[in-house]
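Chemist: Sharing a structure with you now.
Just so it is clear, none of the values below were taken in a lab; they were calculated from the coordinates. What you see is a predicted model; the values in this text were computed from it and never measured. Backbone-built Cβ (ideal geometry, glycine too); neighbour counts: all protein chains shown.
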Amino acid sequence: MDFFNQDLTSLHADLVNKKISAAELAQATLANLKQTDAKVDAFLNLNEDAALKAAQAIDAKGINPANVLAGIPVGVKDNIVTKGLTTTAASKMLENFVPVYDATVVEKMLANDMVIVGKTNMDEFAMGGSTENSAFKVTKNPWDVSRVPGGSSGGSAVAVAAGQVPVAFGSDTGGSIRQPASFNGIVGMKPTYGRVSRWGLIAFGSSLDQIGPMTRTVKDNAAALNLIAGNDVNDGTSSKREVPDFTAGLTGDIKGMKIALPKEYMGDGIDPKVRDVIQAAVKQFEDLGATVEEVSLPNSRYGVSAYYIIASSEASSNLQRFDGIRYGFRAQDVKNLEDVYVRSRSEGFGDEVKRRIMLGTFSLSAGYYDAYFHKAGQVRTMIINDFNKVFEDYDLIIGPTAPTPAFKIGDEISDPVTMYMNDVLTIPVNLAGLPGMSIPAGFADGMPVGLQLIGKSFDESTLYKAGYAFEQATDFHQATPDLGGAH
Amino acid sequence: MAEERINAEQVKHVAELAKLEFTPDQLATFTGQLEKIIGMFEELSTVDTTGVPVTSQVNDRRNALREDVAVKSDESERKALLANAPETANGLIKVPAIIDESGDGE
């Protein structure tokens with residue numbers, strides 16, 4: 001079965017009323033998934049036997065009527081470690097890597113009776129915006145299979161958009177949840193830095209990375225964030241703040257809400273058809289009783305440069321651990337230890353990962369540190385100050401998630417600078433550690449366009465509240481891609 | 001800023017620091033791409049950051065400490081860990097000699 005006409009609430013009701021068992025649901029999900037994945041290639045690795053066993057155990061125990069996620073099939077991005085289930089980060093480096101522990105978010109999924117059906121494709125080590133950097137397969141956009149799904153969480157986005165699973169989890173370092181959510185017409189939340197434990201997330205940019213949910217509706221997304229949020233003793237950066245019930249404020253009433261629209265987010269670099277969609281969204285919010293006013297984030301234009309210095313520097317450090325010794329790929333016919341390091345890394349990493357390691361190593365090297373790494377850290381402060389100033393007067397910020405709809409497979413992959421500019425609207429949010437969410441806001445030439453909502457630190461609730469009101473007033477989230485099925 | 005942002009010699013040096021190696025063709029491609037990306041970075045030099053502090057993290061906690069307690073792994077965990085190592089011997093991870101053992105002149 002697909003999930004085009006069901007949400008968590010209706011699925012949960014079916015499970016509680018025994019209209020379908022968790023085992024039947026897992027079976028039907030996997031059957032449909034295998035069929036549709038021949039067209040979209042969203043998954044790297046299925047968890048078929050373990051999923052069915054887990055679902056049977058859940059049936060034996062009974063579905064907890066208070067847990068809307070019990071028995072629900074879920075896809076997990078392949079940079080989130082799963083005990084006993086191969087986890088590759090879409091890299092040849094980790095092609096045969098079997099983790100010995102579960103990420104904290106995975107522990108929470110399993111403890112709450114979610115059924116992990118497989119691991120989703122991504123850009124290698126989450127570096128990229130098209131999922132073309134996977135060492136294993138190219139995921140296709142279900143709205144037009146000649147186009148990219150975005151990235152790096154392209155597999156998770158497609159899994160939801162193609163109706164394969166009702167929920168998937170991704171990670172977002174510079175836009176890797178929100179941009180593919182935008183390209184696929186689904187809801188993707190990057191929570192506040194520290195809201196969700198990063199324990200078991202294969203590290204890329206440790207001051208930027210967050211795990212977040214990808215779903216078809218805002219309410220489902222809020223329920224999924226409820227599951228994974230909270231402090232974790234294994235992640236010293238996870239916040240001890242109280243976690244609210246993110247589904248609580250979904251009333252549809254946003255009268256009097258003060259919304260800011262940064263003029264830099266509607267400038268020349270933005271596809272006019274995307275701008276039209278966002279203008280219509282602005283009107284929609286005004287019709288709902290919110291006020292929308294233009295503001296400025298003057299330093300956001302420097303975000304891409306600052307980000308690629310900071311994220312690459314952190315990556316160059318984080319990826320030192322891949323040395324061909326304890327786990328991962330080791331080159332053949334090596335003569336000595338130095339050879340193991342250099343040849344294993346050179347043969348095991350793909351080009352984009354090498355580019356980022358090189359950029360980071362360069363930015364941190366003697367003679368360049370001040371001009372690049374130090375400077376980027378200062379610009380990061382200025383970007384944060386811009387946001388703080390706007391949030392003195394407004395409840396949230398809206399704008400496009402990405403400058404364009406999904407582009408063609410192969411179009412941008414050989415031009416790193418063009419590819420990096422896709423992140424221009426999402427990156428500032430990671431640099432500031434703020435929550436950001438993309439929701440379906442319309443179409444441009446038949447391809448989905450996402451609206452980005454940016455909130456105050458730890459105020460995901462306002463994003464969900466506003467997103468829900470918009471969703472109730474529109475029907476973009478109900479549109480489904482034609483995969484050759486009866487939709 | 002220098003006229004030439006980065007040349008093949010520098011790229012080679014950075015590759016050595018990063019424990020990566022490139023063929024001459026790859027080196028040429030990477031040098032061209034890095035030149036372009038670092039060229040983009042140079043827009044930062046136009047930003048006046050006098051007196052602006054550096055942000056290196058956006059965490060709301062400071063010094064998250066816990067007790068330093070050893071957690072014992074069982075035999076199956078040890079086996080699972082070692083199964084990920086490219087080469088093992090007698091329950092240990094095996095690596096090639098640190099010094100080239102192939103003799104002089106290979």
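Chemist: Per residue of A:333-340, how many C-beta atoms from partner chains lie within 10 Å of its own C-beta, taken as a mean?
Modeler: Details: counts 0, 2, 7, 8, 6, 5, 3, 6.
Mean inter-chain Cβ contacts per residue within 10 Å come to 5.
Chemist: Please report the base-10 log of the normalised intensity I(q)/I(0) for region A:49-136, using a Debye sum with one equal scatterer per alpha carbon and no solvent, at each q in 0.11, 0.24 (1/Å).
Modeler: Here log10 of I(q) over I(0) equals -0.34, -1.12.
Chemist: Pull out the extension gain between A:Lys335 and A:Val233, defined as 0.36 nm times the separation in residues minus the alpha carbon to alpha carbon distance; nm, one decimal.
Modeler: Values: separation 102, 0.36 × 102 = 36.72 nm, distance 4.18 nm.
Stretched fully, the A:Lys335-A:Val233 segment lengthens by 32.5 nm.
Chemist: For region A:64-77, just list the computed ³J(HN,Hα) in residue order, Karplus coefficients 6.51, -1.76 and 1.60, θ = phi - 60°, integers in Hz, with x standing in for Gly and Pro.
Modeler: 6, x, 8, 10, 5, 9, 5, x, 7, x, 9, x, 10, 4
Chemist: Between B:Leu27 and B:Ala97, what is the label-to-label distance in nm when each label sits 7 Å out along the Cα-to-Cβ direction?
Modeler: Calculated label separation equals 2.9 nm.
Chemist: With a sphere of radius 10 Å drawn around the Cβ of A:Met257, what net charge do the other residues whose Cβ falls strictly inside it have (Lys, Arg +1; Asp, Glu -1)? Present the calculation step by step, with values, prior to reporting the outcome.
Modeler: Details: positive: A:Lys255, A:Lys258, A:Lys465; negative: A:Asp253, A:Asp395.
With Lys, Arg at +1 and Asp, Glu at -1, the net is +1.
Chemist: Can you list the aspartates and glutamates whose alpha carbon is less than 14 Å from that of A:Lys77, not counting same-chain residues fewer than 8 positions off?
Modeler: Counting by Cα, and skipping residues close in sequence, A:Lys77 has these aspartates and glutamates nearby: A:Asp41, A:Asp102, A:Asp123, A:Glu124, A:Asp172, A:Asp209.
Chemist: How much net charge surrounds A:Leu201 when only the other residues with a Cβ under 12 Å from the Cβ of A:Leu201 are counted, with Lys and Arg +1 and Asp and Glu -1? Intermediate results must be reported in sequence, preceding the final value.
Modeler: Values: positive: A:Lys77, A:Arg198; negative: A:Asp78, A:Asp102, A:Asp172, A:Asp209, A:Asp232, A:Asp235.
Here the charged neighbours net out to -4.
Chemist: Over all residues in B:5-17, what is the mean tally of Cβ atoms on other chains that come within 10 Å of each residue's Cβ? Let's see the in-between values first.
Modeler: Details: counts 1, 3, 0, 0, 0, 4, 2, 0, 3, 11, 8, 2, 8.
Per-residue shielding by partner chains comes out at 3.
Chemist: Stokes-Einstein diffusion coefficient for the protein assembly as shown at 37 °C in a medium of 0.692 mPa s, Rh from the Kirkwood formula over Cα pairs: what value in µm²/s? It would help to have the intermediate numbers written out before the result.
Modeler: Values: Rh = 24.4 Å.
Taking Rh from Cα pairs, D becomes 135 µm²/s.
Chemist: Could I ask something else about it? Place a point 7 Å from the Cα of A:Lys263 along the Cα-to-Cβ direction; which residues of region A:378-398 have their backbone N under 19 Å from it?
Modeler: The answer is A:383, A:386-394, A:397-398, whose backbone nitrogens lie closer than 19 Å to the label point.
Chemist: Got a sec to turn the phi values of region A:442-451 into Karplus ³J(HN,Hα) couplings, 6.51 cos²θ - 1.76 cosθ + 1.60 with θ = phi - 60°, whole Hz, x for Gly and Pro?
Modeler: With coefficients 6.51, -1.76 and 1.60, one gets x, 9, 10, 6, x, 9, x, 10, x, 9 Hz.
Chemist: As a test, work out the antiparallel percent of DSSP beta bridges whose residues both lie in chain A, rounded to the nearest 5. Don't skip to the end; give the middle numbers.
Modeler: Working: 33 of 48 bridges.
If we restrict to bridges inside chain A, about 70 percent are antiparallel.
Chemist: At 37 °C and 0.692 mPa s, grab the translational diffusion coefficient of chain B from Stokes-Einstein with a Kirkwood Rh over Cα pairs, rounded to a whole number in µm² per second. Numbers along the way, then the final one.
Modeler: Values: Rh = 20.4 Å.
In µm²/s, the coefficient is 161.
Chemist: HN-Hα J couplings of region A:374-388 from phi, Karplus 6.51/-1.76/1.60, θ = phi - 60°, integer Hz, Gly and Pro as x?
Modeler: These are the phi-based 3J(HN,Hα) values: 5, 4, 4, x, 6, 5, 4, 4, 5, 5, 4, 4, 4, 5, 4 Hz.
Chemist: Between their Cα atoms, which of A:Lys34/A:Lys219; A:Lys335/B:Lys79; A:Lys408/B:Lys19; A:Lys39/A:Lys273; A:Lys39/A:Lys119 are more than 22 Å away from each other? Each step should come with its number before you reach the end.
Modeler: Numbers: A:Lys34/A:Lys219 27 Å; A:Lys335/B:Lys79 27 Å; A:Lys408/B:Lys19 34 Å; A:Lys39/A:Lys273 28 Å; A:Lys39/A:Lys119 17 Å.
Over 22 Å apart, Cα to Cα: A:Lys34/A:Lys219; A:Lys335/B:Lys79; A:Lys408/B:Lys19; A:Lys39/A:Lys273.
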